[in-house]
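First up is the structure itself, then whatever we jot down about it.
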Amino acid sequence: MPLLSLALLASQAVEVPPDDTSLAVIEAELAPIIYIAPPPPRPLPMPRIEPPPPTELPPAVRAMLDAAIASGDQQAVATVTKLARQAAPWASRQAQALKDGYDADIAEKRALAQRKKEEAIAAAGFFDYWSGTLEFGAYRSTGNSDNAGIFAAAKGEREGLRVRHRFDLRLDLQEDDNELSKERIVANYQPNFKVDDRFYIYGIAGYEHDRFLGYDNRFTGGGGIGYTLFTGPRFKVDLEGGPAVRYTDFTDQEDATSVAGRLSQTLRWKIAPTANLIQDATFYLEKGATNASTSIALDTKVLGPISARITYNVQYEGNAPVNRADVDTQTRATLVYTFK
């Protein structure tokens, strides 16, 4: 009987349509399990694989830099390094490292050479390691005028570790119509005691003879301070100043001893590989006998150690004889031999 009742109830049951709300709840509960991603809005991009950036100098650029370093020309190495860094900025550090290595090698070689030179100078005698010039010129004219002249000079310098030695010798003779019209002799010796690369303390001992300027003999002794204003290999200027004592044997008055102030300036300028400009000036300020001299010379290399020199010289003597001019000028052409 119970089974029959259940059968009757089942036959009488009516199909109920599904509720949309209940389906949505079921789908929401099942979503994490059966969710299917929607199609992408557009095709996925293809991955790009880029090669690694370069880090080395290009072979052609490296070859140029190596050639510059092998040449030993520092200016060329600096120029090529700059161009290499511009052409291959990614390898700028490599180019600079090559230049730095070259500079360090050059500095080490120079330091070694300097040490060897200093050791050799320290062991050498006083007459070793002198350098300087020998200068000679002469002329002769006949006809309406009969005159002749000769000029000879020697200059030397020895660069010691603490002391620099310099000497200067000059002889200038001239004869007009068989009579001596110029007779000038100059000799100077000057030691320079180095304080540092620029400052030095100097002493000076000098002798002059020029009776046409009013004195037979003049002796000078003094000292002072010197300073090298420019120290480059192509351009060098020295300035000096200090007191001096002078004894003068005049031709037409009594001998005199006086205290003077001395100023001097020297200039050496290598204006071209084969040309040099040289200028020397000295000024003595003393009561009643102020005098000064200056010369400027242009050297042009002729052959090896031989050069041609044109010199313009001015000599001022404040106490010249009455029948003589205060200022003498001279232009001369000579040959110069350079020794080292």
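The numbers here are math on the coordinates, done by the rules we state, and not lab data. Predicted model only: the values in this text are computed from it and were never measured. Reconstructed Cβ throughout: ideal geometry from the backbone, glycine too, with neighbour counts over all protein chains shown.
Here is how the numbers come out for the structure above:
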{"read-out": "Links that overshoot a 21 Å alpha carbon limit, given the list K109/K270; K117/K340; K109/K155; K236/K301", "value": "K109/K270; K109/K155"}
{"read-out": "Packing-based exposure ordering (other Cβ within 10 Å, fewest first) of T282, T248, T300, T142", "value": "T142, T300, T282, T248"}
{"read-out": "All Cα pairs of the range 90-132, percent lying beyond 15 Å", "value": "62 percent"}
{"read-out": "Anisotropy class of the range 191-340 from Cα gyration tensor, a/c 1.5 cut", "value": "oblate"}
{"read-out": "When the convex hull of its Cα atoms is projected in every direction, mean area for the range 59-123 (nm²)", "value": "4.5 nm²"}
{"read-out": "Computed FRET value (nearest 0.05) for D196 with Q265, which takes r as the C-beta separation and R₀ as 22 Å", "value": "0.65"}
{"read-out": "Helix-only mean residue ellipticity at 222 nm for the chain, each DSSP H run of n ≥ 4 adding -39500 (n - 2.57), per residue, nearest 500", "value": "-8500 deg cm²/dmol"}
{"read-out": "Extended-chain gain in nm, criterion 0.36 nm per residue less alpha-carbon gap, M46 and T79", "value": "7.3 nm"}
{"read-out": "Isotropically averaged projected area of the chain, using the convex hull of Cα atoms (one quarter of hull area), nm²", "value": "44.0 nm²"}
{"read-out": "Sum of side-chain charges, F126 neighbourhood, beta-carbon under 14 Å (Lys, Arg +1; Asp, Glu -1)", "value": "+1"}
{"read-out": "Footprinting exposure proxy for E179, E135 (fewest neighbouring C-beta atoms within 10 Å first)", "value": "E179, E135"}
{"read-out": "Local electrostatic count, F151, Cβ distance below 9 Å [Lys/Arg +1, Asp/Glu -1]", "value": "0"}
